[in-house]
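What follows is a single structure, written as structure tokens, with notes after it.
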Amino acid sequence: MPPPLNITGQKLGSLLVIRKASNAPRGGEWLCRCDCGREEIFPARRLPYTEGNLKRSDVAKACSVCTHTRVCKVCGKNFFSRTVRACCSDECRNKLTRKIQLKHYHEVKKVKFPDLHTLKRQKIKADPTKLEKLKAYEKARAKKRWVKIKTDEVLHSKENKKSREWYAANAERVNEERRRYFIAMTPEEYLAHRTKAKRYYEYYINKMKETDPEKYKEFIRKKKENCREYKRRMALSKLTALSNTLLKRSKK
Ligand SMILES: [Zn+2]
Ligand SMILES: [Zn+2]
């Protein structure tokens, strides 16, 4: 019969053995204190005082809280989980999955099939129901993004700057396209566009009047100036037309 086990005072990993807690079979149970200060009772077979115990899958090198405390791969927060998990929450899990999928898409799928996206889009465009679904999805996504930008001031200014830069680079092309679009309109379409534009204009003006009265005053002043200039030009063009007709008559 082997002598009774005594491991009191031994340091096993992060655990310091304090005393025997009970006389259970196979070496008894031992009260240990972890480096974090928590105390816990472990059966002797789980403590790594022999080579054989060290190889066990359930070997205890620290208290259960310390061993099951994991670091989230996404946000870096500590969290408790008995099973092996990479993330602290479903939100982080989704982020990680998205990251892995994107990486796979750019490194494997896009290299293998360079025109994958175009082909997919062509396939969807051929099916009206799928196209409708895609359009609704894209609209909802754009709206969600816009709401996010509108509520975040820093993001809003950043996005504004970006769009201004883009417009400066593409102004000519955009204006040409816009002109062509207006010319191709039927009178009813043009009227609908006008009413919509007027509604937006009124909304914008009212908002400006409430939030920035100085800017509103300046805007009205400029508008009146433009109006005067327009009237002047119209009168001038009428005069020149009249003079031309008079000249023609005198030549006859
Ligand atoms: Zn601990
Ligand atoms: Zn997390």
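Below is a table of values for the structure above.
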read-out	value
Which listed residue is of a type outside the set (V, I, T), surrounded by 10 or more Cβ atoms within 10 Å (Cβ to Cβ) and assigned to a helix (DSSP H, G or I), from R232, R173	R232
Which listed residue, of R56, R45, R85, R38, is touching a helix residue (DSSP H, G or I) at 6+ places or on another chain (Cβ under 9 Å), more than 21 Å from T8 (Cβ to Cβ) and away from ligand 2 (no atom under 16 Å from the Cβ)	R56
Tally of residues being under 30 Å from R46 (Cβ atoms) and either assigned to a helix (DSSP H, G or I) or more than 16 Å from ligand 1 (Cβ to nearest atom) (or both) across region 64-75	6
Qualifying positions in region 176-210 - in a helix (DSSP H, G or I) and of a type in the set (S, T, N, Q)	T195, N206
Counted residues, region 111-133 - those being surrounded by 12 or more Cβ atoms within 10 Å (Cβ to Cβ) and either aliphatic (A, V, I, L, M) or not in a helix (DSSP H, G or I) (or both)	4
Count - residues of region 53-101 that are surrounded by 14 or more Cβ atoms within 10 Å (Cβ to Cβ), in contact (Cβ under 8 Å) with a residue 12 or more places away in the chain and of a type in the set (V, I, T)	2
Looking only at region 82-110, and only at residues there that are of a type in the set (S, T, Y) and at pLDDT 90 or above, the one that is nearest to ligand 1 (Cβ to nearest atom)	S89
H106 being within 34 Å of the chain's Cα centre (by Cα) and surrounded by 15 or more Cβ atoms within 10 Å (Cβ to Cβ)	no
Qualifying positions in region 44-63 - assigned to a helix (DSSP H, G or I) and within 16 Å of ligand 1 (Cβ to nearest atom)	R46
First in region 18-39 and over 15 Å from A60 (Cβ atoms) and charged (D, E, K, R), second anywhere and at pLDDT 90 or above and within 16 Å of ligand 1 (Cβ to nearest atom), Cβ under 7 Å, 6 or more apart	R19/L31; K20/W30
Single unsatisfied condition, K73 versus (1) more than 16 Å from ligand 2 (Cβ to nearest atom); (2) within 41 Å of the chain's Cα centre (by Cα)	(1)
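Condition check ((1) assigned to a loop (DSSP other than H, G, I, E, B); (2) modelled with pLDDT under 90; (3) surrounded by 15 or more Cβ atoms within 10 Å (Cβ to Cβ)) across all residues:
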position: P4; (1), (2), (3): yes, yes, no
position: A24; (1), (2), (3): yes, yes, no
position: G27; (1), (2), (3): yes, yes, yes
position: D35; (1), (2), (3): yes, no, no
position: F42; (1), (2), (3): no, no, yes
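The values are calculated or read from the model by the stated rules, or taken from the named source; none is laboratory data. Everything numeric in this text was worked out from a predicted model, so none of it was measured. So basically every Cβ, Gly included, is an ideal-geometry build from the backbone, and we count neighbours across all protein chains shown.
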